[in-house]
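A quick write-up on the structure given underneath.
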Amino acid sequence: MADTHTAETSAERALLELNNIEVIYNHVILVLKGVSLSVPKGGIVALLGANGAGKTTTLKAISNLLRAERGDVTKGSIVLKGEHVHDLSPNELVRRGCIQVMEGRHCFGHLSIEENLLTGAYTRRDGGAAIKADLEKVYSYFPRLRERRSSQAGYTSGGEQQMCAIGRALMAKPDMILLDEPSMGLAPQLVEEIFEIVRQLNANEGVTFLLAEQNTNVALKYATYGYILENGRVVLDGDAKSLRENDDVKEFYLGIGGDSHSSFRNVKSYRRRKRWLN
Amino acid sequence: MSLVETLPASQRDILLKVDNISLSFGGVKAITNISFDIRVGEIRAIIGPNGAGKTSMLNVINGFYHPQEGTITFEGVPRPRMRPHHAATHGVARTFQNIALFRGMSTLDNIMTGRGTLMKRNLLWQALWTGPAEREEIEHREAVEKIIDFLEIQHIRKTPVGRLPYGLQKRVELGRALAAEPRLLLLDEPMAGMNREEKEDMSRFILDVNSQFGTTIALIEHDMGVVMDLSDRVVVLDYGKKIGDGTPDEVRANQDVIDAYLGVPHE
Amino acid sequence: MSPDFLYFIETVLNGLMSGVMYSLVALGFVLIFKASGIFNFAQGVMALFAALTLVGLLTGQVPFAHLIHAIFGVEAQHWGAGMPALLAVIGTMVVMIALAFLIERIVLKHLVNQEPIILFMATIGLAYFLEGLGDLMWGSDVKALDIGVPSGGSFWWEDVTREWAAEGSDYFGMYIDKLDVTAAIVAAVLVVALSVFSQYTRMGRALRAVADDHQAALSVGISLRTIWVIVWSIAGFVALVAGIMWGSKSGVQFSLSLIALKALPVLILGGFTSIPGAIVGGLIIGVGEKLAELYIGPLVGGAIENWFAYVVALVFLLYRPQGLFGDKIIERI
Amino acid sequence: MAGDTARLAEDTFPKLLLRNAALFGDRPAMREKDLGIWQTWTWSQMLEEVRAFSLGLRALGLQAGGKVAIVGSNRPRLYWTFAAVQSLGAVPIPVYSDAVAEEMAFVLKHAEATMAVVEDQEQVDKLIGLAKRLPKLKHIIYDDDRGLKNYDHTTLHPFDDVQDSGRSLAKADAGVVAAWEKHIHEGKGSDTSVILYTSGTTGQSKGVMLTAERCVGAARDTVAFDRLTETDETLAYLPLAWVGDHYLNYAQGMVAGFCIACPEGPETVAVDLKEIGPTFYFAPPRVFEGLLTQVMIRMEDAGALKRRIFSYFMDVAKQHGEAILDGKPVPFSARLKYALGNMLVYGPLKNVLGFSRIRVAYTAGEAIGPDLFSFFRSLGINLKQLYGQTEAFLYVTAQPDGAVRADTVGLPMANVDIRIADNGEVLFKSPGMFAGYYKDKAKTKETLTKDGYVMTGDAGFFEADGQLKIIDRAKDVGKLKDGTLFAPKYIENKLKFFPDVKEAVAFGDQRDKVCVFLNIDLTSVGNWAERNNIAYASYQELANHPDVLATMEKHVRQVNADLAREPQMAGAQIARFLVLHKELDADDGELTRTQKVRRGFIAERYQPLIDALYSGKNECDITTEVTYEDGRKGKLSARVKIRDVERFAANGMKEAAE
């Protein structure tokens, strides 16, 4: 539960703040029903929750990629660095340092890895040398991409595509990356690898992350703070540690019943009612 | 419970045998010389990094792809080249990585389509809707209702699947595969994109399908918790080659598997 | 060399030249299709419109003269003086860019993420609108276009080729129109320029990115609107070039818009997404048509040119649906 | 009364079952939707099922006087269990299926149950978990085997197996069946028919013993009152362990011979209701409230024309509907409009809700909002109120057709004798009166007056037309320090009629003024917040929002204005209030399982808040422990704001608020 005190102080330092946003698709389907959250500068904040809970929609509402899907923020405010950004186009948001890495990777399949990375620098006006330097930096974080720099992205593996998508976002020199389901469809080893890089980017480059993730386990391992969405609402939030220790989170998202890891073999045919859904 | 089910997996009959299979697409090798078997009544997991050839392997078993080399023996009979829809009549059904349902149709109708291969009366009979065709329709409806009951989706029986949340759609897809009454069920990432709760449900259904109907199951899955808990044996692929095969514990301890896929040993 | 063989070469060369003309139109299609997935039915009409505008500027025609007359009763057909050719070309280009802006603003913006078929319908609408607009602005009479592009046969070339013929044969040399040669050169330059632009510039990369994945392009901060205006402007430019060439060759008339239909088999052959494909496809169709006319035509009673291209396209659709140079449909294993 | 019961031939439920099988053998007795189809059992089939199970139970060792717990939702097999157990002279003890392990342990231990018949894995798990504390529990029989295959089956039995063993016994020896029926006929009306454990507004629950003849007798009276017959049909969806379900469905069903339909599952009740179209229906007020909300939400989504038609005809219904239902004179034009409305609006609406065939519907348990009550009645649904309790085997008073009011609970039922005590408490003697609390003579004695009346614990009085009006729990009716009458429930109900107030708890006894705790309704206030662009992440945050507080203040003031108009109540207007930081929850012991407020417990639990209310502070910090269903605990802390409210003079004029 939000403690009002910390909420106020964090509001002052928040890089991004969502206040009660509501999102409607096609003028009909209400997807977000008043989501509020705040991302502090330099934080890694995780948006957790089931499918269709509204995680992706929340990210797209921020980056304003919603429009292209006939979605619209009908209520509430989105404030980035103290500025209302609800009406800005995605490219204006990228210029302001906020870029989204979409779910399912979305690399430009017919472009080479390097060309993919360079498109990330599209909005930059600081000259070829700076871009070149950043390209090197991305390669230093993702050595695999250097190896495959001239391969067509469409022919690279899922993990490489995910790295390419993150690297491409980095090329925009963002303050904030909205990362959607980075672990989706990746082997466990790769998931750790990618989250490890997220952590390094956060620590070394000062990039703030807001990530939507189904894999609660790994997300709470790397995030500093988390919000849990269900049915288009935030039902729980707290720092990662308190969420990890929350009984409901344990049971419903981490699969730890009581004290031990519960086996998928012994799942009951009934389950405890979620208190927040009453 | 039949005698077969009480035997440990290692002593059961072989249901499907994959022998030295190689598959390539225009020179790109997707699968190289892979052999393994699936025994009657077991849950067999196929794991491996992205692009390891897991889905191709399912497609080979299913008859979607025809391997350039090697043979597949199903129920002791070498499998000839065949079309995928024949696979269903031959006792193999599968679900897909990306849900492939008829979004505008209800849950009931979607699962009903899974009975298609079992319907004996032809279209004309069905159109006339008399006598045997009617009886048959009722029979199929009953079988479908049993699946609906089994998967606990009574409340969405009449809901168009396009309107259902992802987890339930996956369940309906499983229902449709079950409707064909397969002896071998292939599940391609049945839990991808699911949350813990949905995974638990899906696990329960997979186990129940296995134990109640005695259906043999081969599944591709990335969630190691699920794989290790559910499967009797695991085969590990990497770059189209088999790098491990054995019980979950054996695979977990296999250094090649750790290096190529698991990373840190899974707790 | 026997005259028959020389005839054959002449036919091939002529085919290549007319193929270049097809290619020029097809190029516009490819550009737009690549960047936005839209099959721009209006490409042919754009060429016509560009040519009409160019002629109008060259000859100093007053746009909307009929309309002005009808409303204000002012009878003014001409300014009295025309523009120099270069200025007229630049002026036309400005009009085409303005058109690209308007199309983005009025049509495309509202159709983001719609089904391709809806966008296709929109371009059909656009085609008829442009045809009407061209008519209204510049009138519907056939006009000659001359901006000094060389034309006519080359005596030098006829002399050279006459030498090739075997002694004693009555071969009078090959006829190749200078206009066609110019068109070929222009097309070559255009293709090289476009390839360089698309492959090595920031904007070109962005353009290819948009072609691959709209959403992802949006997410990295590429403005679809900018890209579309640029793409349509380039397509307008290509249309202008095509319009100049076709106009110089056969006069500016409304049947010009029908060359779009010829571009279709070219695209099927070359692939909808490949610039070199558009060129090669055009050449194959051009040569094929001429050869077919020459060798098969007499057998079936001529007029093969009208449908031969479509038959070729059909055969291609069956065996290689992505065309000769189209993007491979990337399927990961 | 004694004379009436004596003349009955069948004075136990098993005897009635035999009678029904003979009388209505081919008529439906039970239905259940299974595999998408309504499966039906006729009375003779039901008799066979009950007999098979009963014989099986006996084979497992159940004897007369034995106790069998029944835990689960409304499944035919669990209803059969009642009859099967009663046939052996043993006593069924239904237990709330959502009871936490602790509560379940208490009931089973107290009742000394030797067997339990349960629905599914969830209940089996609970009982297995309690095995050590329930040494007397020897057998657990389950209905649904899902997930139970691999359990140790030494004390665990599938329902089918028990029935099969009963069937083979019957097959082996025809005498077994005859003996079984003979045993039924030997059963006495004075035998205990069932023990219903009250959810208990304070402390541990008590086992209410009801004898067979009284159960049957009471049911006969009400069946006659509402003219129920074997052609009626109900949908059983209320908790099995609640007296209401046992009375309305099982007892009345047995007496009248009507058909009980069981829904496919809890999520499908609405659909099943529509398919079955019951003729007799009971629901607590909150269910009707939920239905109304649904209707309104659906209408908001509808097109403009549809909405206009709806609102026009709802106005017509509001004006004339109830009068038409009660058979009062109504102008012809109004009848015409109403008939048209019925065609366009009421009919389809009732059909959607599954109310098309309803002949009699009741609501009870809580006060129902007058508007809500009128809404359903104006549609032509014969909705009435009754008053009763477990100790009476439900009915004490009920409203006869044509004499229905929203603020009263009706006339005394046939053969019911009601008296109002000096302190205002309602006392009664009735045909269905309980025989005593199981193993608790002292409590039984406490509940009965010297001359044998049951003290209901409710305060009330008779209106001029003879209808009973209940104002509150008698023990809760108190006095302010200045002697003014203080009926907390009365005040709370007035507050709860506002849709955005979910719960209210009033305090004031022996204090100088009245103060209340409020719970906002998350759905209703949440919708409002969305419409007004107000951010909230949790219940707590929303409850603390200034705009929400302002709205609540408005409601409280309105209630004060209402109270000011009633001479007896005007002195007890609300002085201060706060909105609680958490929703009151049965799992935390704050509500009973029937969603009633446990005032005393709440007062104790939130002592700091009460202190703050009466000390004049404007806010207060509080930390509260919450309990999960499986017994685990968590903590919740918050800062709660307190507001003062304007009060009015008794004549309706404003009075300076302190």
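Under 29 Å from the Cα of A:Lys137, which lysines turn up, not counting those fewer than eight places away in the same chain?
A:Lys41, A:Lys60, A:Lys81, A:Lys173, A:Lys221
Rank B:Pro67, B:Leu151, B:Ile38 by how far each Cα sits towards the positive end of the charge dipole of chain B (+1 on Lys, Arg Cβ; -1 on Asp, Glu Cβ) and give me just the farthest.
Checking the options against the dipole of chain B, the answer is B:Pro67.
Measure of size requested: the Rg and Dmax of region C:202-253, with Cα atoms as the atom set and Å as the unit; please supply both.
Rg and Dmax of region C:202-253, Cα atoms, are 15.3, 47 Å.
Ignoring ligands, DNA and RNA, how do D:Trp43, C:Trp307 rank by accessible area with a 1.4 Å probe, largest first?
Numbers: D:Trp43 5, C:Trp307 125 Å².
I get C:Trp307, D:Trp43, largest accessible area first.
Which whole number gives the average count of other chain Cβ atoms within 10 Å of the Cβ atoms across peptide A:104-113?
For peptide A:104-113, the averaged partner shielding equals 5.
Can you tell me the equivalent ellipsoid semi-axes for chain B? Use √(5λ) from the Cα gyration tensor, largest first, whole Å.
32, 21, 18
Could you give me the ³J(HN,Hα) list for region B:51-68, computed from phi with Karplus coefficients 6.51, -1.76, 1.60 and θ = phi - 60°, whole Hz, x at Gly and Pro?
Rounded to whole hertz, the list is x, 7, x, 5, 5, 4, 4, 4, 5, 5, 4, 6, x, 5, 10, 10, x, 6.
Looking at the P(r) of region D:202-292, how many percent of alpha-carbon pairs lie beyond 24 Å?
Numbers: 1068 of 4095 pairs.
Counting every Cα pair in region D:202-292, those more than 24 Å apart make up 26 percent.
Give me the mean projected area, in nm² to one decimal, of the convex hull enclosing the Cα positions of region D:388-474. Intermediate values should be presented prior to the final figure.
Details: hull surface 23.4 nm².
That works out to 5.9 nm².
Any idea which of C:Trp138, C:Tyr171, C:Ile9 is furthest toward the positive side of the dipole for chain C, if Lys and Arg beta-carbons carry +1 and Asp and Glu beta-carbons -1?
Positive-end residue among those listed: C:Trp138.
If you wrap a convex hull around the alpha carbons of region C:223-283, what volume per residue comes out, as a whole number of Å³? The partial results should precede the final answer.
Working: hull volume 5.9 nm³, N = 61.
Per residue, the Cα convex hull of region C:223-283 comes to 96 Å³.
Taking a cut-off of 19 Å, what percent of all Cα-Cα pairs in region C:143-281 are separated by more than that? Walk me through the numbers before you get to the answer.
Numbers: 6272 of 9591 pairs.
Percentage above 19 Å: 65.
What FRET efficiency would be calculated for the residue pair D:Asp585, C:Trp79, taking the C-beta separation as r and a Förster radius of 56 Å, to the nearest 0.05? Write down the numbers at each step before the final one.
Working: r = 86 Å, r/R0 = 1.54.
Once the sixth-power term is evaluated, E becomes 0.05.
Once label points are set 7 Å from the Cα along Cα→Cβ at both B:Glu139 and C:Thr201, what is their separation, rounded to one decimal in nm?
It is 7.0 nm.
How big is the accessible area of C:Tyr175 in square angstrom, nearest 10, if you roll a 1.4 angstrom probe over the protein chains?
Accessible area, nearest 10 Å²: 110 Å².
Which semi-axis lengths, in whole Å and largest first, follow from the square roots of five times the eigenvalues of the Cα gyration tensor of region D:477-655? Walk me through the intermediate numbers first.
On the way: eigenvalues 137, 76, 44 Å².
Those come to 26, 19, 15 Å.
Once the other residues with Cβ under 9 Å from the Cβ of B:Asn33 are scored (Lys, Arg +1; Asp, Glu -1), what is the net sum?
Details: positive: B:Lys241, B:Lys242; negative: B:Glu69.
That sum, taken over residues with Cβ under 9 Å, equals +1.
How many Cβ atoms of partner chains, on average, are near each residue of A:168-179 if near means within 10 Å of its Cβ? Write down the numbers at each step before the final one.
Details: counts 4, 3, 0, 1, 3, 0, 1, 0, 0, 0, 1, 0.
Partner Cβ neighbours, averaged per residue: 1.
Mind checking which lysines have their Cα closer than 23 Å to the Cα of D:Lys443? Skip sequence neighbours fewer than 8 apart in that chain.
D:Lys67, D:Lys109, D:Lys206, D:Lys429, D:Lys475, D:Lys596
Sort D:His555, B:His66 from largest to smallest accessible area, using a 1.4 Å probe on the heavy atoms of the protein chains. Walk me through the numbers on the way to the answer.
Numbers: D:His555 25, B:His66 65 Å².
Largest accessible area first, the residues go B:His66, D:His555.
Pairs of alpha-carbon atoms within less than 8 angstrom and 6+ residues apart define the contacts here; what relative contact order does region D:477-655 have, in percent? Don't skip to the answer; put the middle values down first.
Numbers: 305 pairs, mean separation 37.0, N = 179.
The normalised contact order for region D:477-655 reaches 21 percent.
Given R₀ = 56 Å, what would the calculated FRET efficiency be for C:Asp141 paired with C:Trp164, taking r from the Cβ atoms and rounding to 0.05?
Values: r = 43 Å, r/R0 = 0.77.
After rounding, the FRET efficiency stands at 0.80.
Mind giving me the nanometre distance, one decimal, between the label points for B:Thr159 and B:Gln97, set 7 Å out from Cα along Cα→Cβ?
Here the answer is 2.8 nm between the modelled labels.
Nearest 5 is fine: what % of DSSP beta bridges in the protein assembly as shown come out antiparallel, could you say? Could the numbers behind the result be given before it?
Numbers: 106 of 175 bridges.
Here the share of antiparallel DSSP bridges comes out near 60 percent.
Once you have the Kirkwood Rh of region D:2-281 from its Cα pairs, apply Stokes-Einstein at 37 °C and 0.692 mPa s and quote D in µm²/s. Mind dumping the intermediate values first?
On the way: Rh = 18.8 Å.
Reported coefficient: 174 µm²/s.
Assuming R0 = 30 Å, can you tell me the calculated FRET efficiency for the pair D:Gln607 and D:Thr523, based on Cβ-Cβ distance, to the nearest 0.05?
Details: r = 30 Å, r/R0 = 0.99.
Efficiency, from the Cβ-Cβ distance: 0.50.
Arrange the peptides B:177-185, C:188-196, C:235-243 so that the one whose residues have, on average, the most other Cβ atoms within 10 Å appears first.
On the way: B:177-185: 22.7, C:188-196: 14.0, C:235-243: 27.1.
Taking the mean over residues of other Cβ atoms within 10 Å, the ranking is C:235-243, B:177-185, C:188-196.
Given labels modelled 7 Å from the Cα in the Cβ direction, how far is it in nm from A:Asp239 to D:Asp547?
3.2 nm
Please identify which residues in region C:101-135 have an amide N closer than 17 Å to a label point set 7 Å out from the Cα of C:His66, following the Cα→Cβ vector.
Zone members listed by number: C:128-135.
Does a label point 7 Å from the Cα of D:Asn533, set along Cα-to-beta-carbon, have any residues of region A:67-89 with amide nitrogen under 14 Å, and which are they?
Backbone N within reach: A:73-79, A:84-87.
How long is the gain from D:Lys479 to D:Ser615 if the chain were fully straight, where each residue apart is worth 0.36 nm and the alpha carbon distance is subtracted? If you can, show how the numbers build up before the last one.
Numbers: separation 136, 0.36 × 136 = 48.96 nm, distance 1.94 nm.
Once the chain is fully extended between D:Lys479 and D:Ser615, it gains 47.0 nm.
Please tell me the relative contact order of region D:405-543 in percent, rounded to the nearest whole number, where contacts are Cα pairs under 8 Å and at least six residues apart.
In percent, rounded to a whole number, it is 15.
Please name which of A:Tyr139, A:Ile228, A:Tyr155 has its Cα lying farthest along the dipole of chain A towards the positive end, using unit charges on Cβ (Lys, Arg +1; Asp, Glu -1) and the Cα centre as origin.
Farthest towards the positive pole: A:Tyr155.
Taking amide H positions as placed in the peptide plane 1.01 Å from N, state which residues far from A:Ser38 in sequence (5 or more) or on other chains have amide H under 5 Å from it.
Here A:Leu18 satisfy the definition.
How big, on average over all directions, is the shadow cast by the Cα convex hull of the protein assembly as shown, in nm²? Spell out each step's value before the answer.
Numbers: hull surface 293.4 nm².
Its Cα hull, projected and averaged over all orientations, spans 73.4 nm².
Straight-line reach from D:Lys149: which lysines have Cα under 26 Å away, leaving out those fewer than 8 places along the same chain?
Within reach: A:Lys268, B:Lys146, B:Lys170, B:Lys199, D:Lys33, D:Lys126, D:Lys132, D:Lys136, D:Lys138.
What is the local net charge at A:Glu22, summed over the other residues whose Cβ is closer than 15 Å to its Cβ (Lys, Arg +1; Asp, Glu -1)?
Working: positive: A:Lys33, A:Lys60, A:Lys75, A:Arg233, D:Arg531; negative: A:Asp72, D:Glu530.
That works out to +3.
Run the count for region C:3-259, please: Lys pairs, Cα-Cα under 24 angstrom, 8 or more apart or on different chains. Display every interim value, and only then the final one.
Values: C:Lys34/C:Lys109; C:Lys143/C:Lys178; C:Lys143/C:Lys249; C:Lys178/C:Lys249.
Counting lysine pairs in region C:3-259 gives 4.
What's the average, rounded to a whole number, of partner chain beta-carbon atoms within 10 Å of each residue's beta-carbon in C:60-66? Display every interim value, and only then the final one.
Working: counts 0, 0, 0, 0, 0, 0, 0.
Per residue, the average neighbour count from other chains is 0.
Got the relative contact order for chain D handy, in percent, Cα pairs under 8 Å and 6 or more residues apart?
Numbers: 1245 pairs, mean separation 61.1, N = 658.
It comes to 9 percent, rounded to a whole number.
Mind checking the alpha-carbon convex hull of chain C and giving the volume per residue in Å³? Don't skip to the end; give the middle numbers.
Values: hull volume 58.4 nm³, N = 333.
Hull volume normalised by residue count: 175 Å³.
Where nothing but the Cβ of Lys and Arg (+1) and of Asp and Glu (-1) is charged, how large is the charge dipole of chain C around its Cα centre, in debye to the nearest 20?
Working: 16 positive and 23 negative charges, 279 e Å.
Result for chain C is approximately 1340 debye, rounded to the nearest 20.
Of all beta bridges DSSP finds with both residues in chain D, what is the antiparallel percent, to the nearest 5?
60 percent
Run the paramagnetic zone check for B:Asp256: 7 angstrom along Cα to Cβ, then residues of region B:9-41 with backbone nitrogen under 19 Å.
Output list for this probe position: B:18-23, B:29-38.
Among the DSSP beta bridges whose two residues both lie in chain A, what percent are antiparallel, rounded to the nearest 5?
On the way: 28 of 47 bridges.
That works out to approximately 60 percent antiparallel.
The values are calculated or read from the model by the stated rules, or taken from the named source; none is laboratory data. All values derive from a computational prediction rather than experimental measurement. Cβ sites come from the backbone with ideal geometry, for glycine too, and all protein chains shown count toward neighbours. Keep in mind that these areas ignore ligands, DNA and RNA; they rest on the heavy atoms of the full protein, side chains included. Shrake-Rupley method; radii C 1.70, N 1.55, O 1.52, S 1.80 Å.
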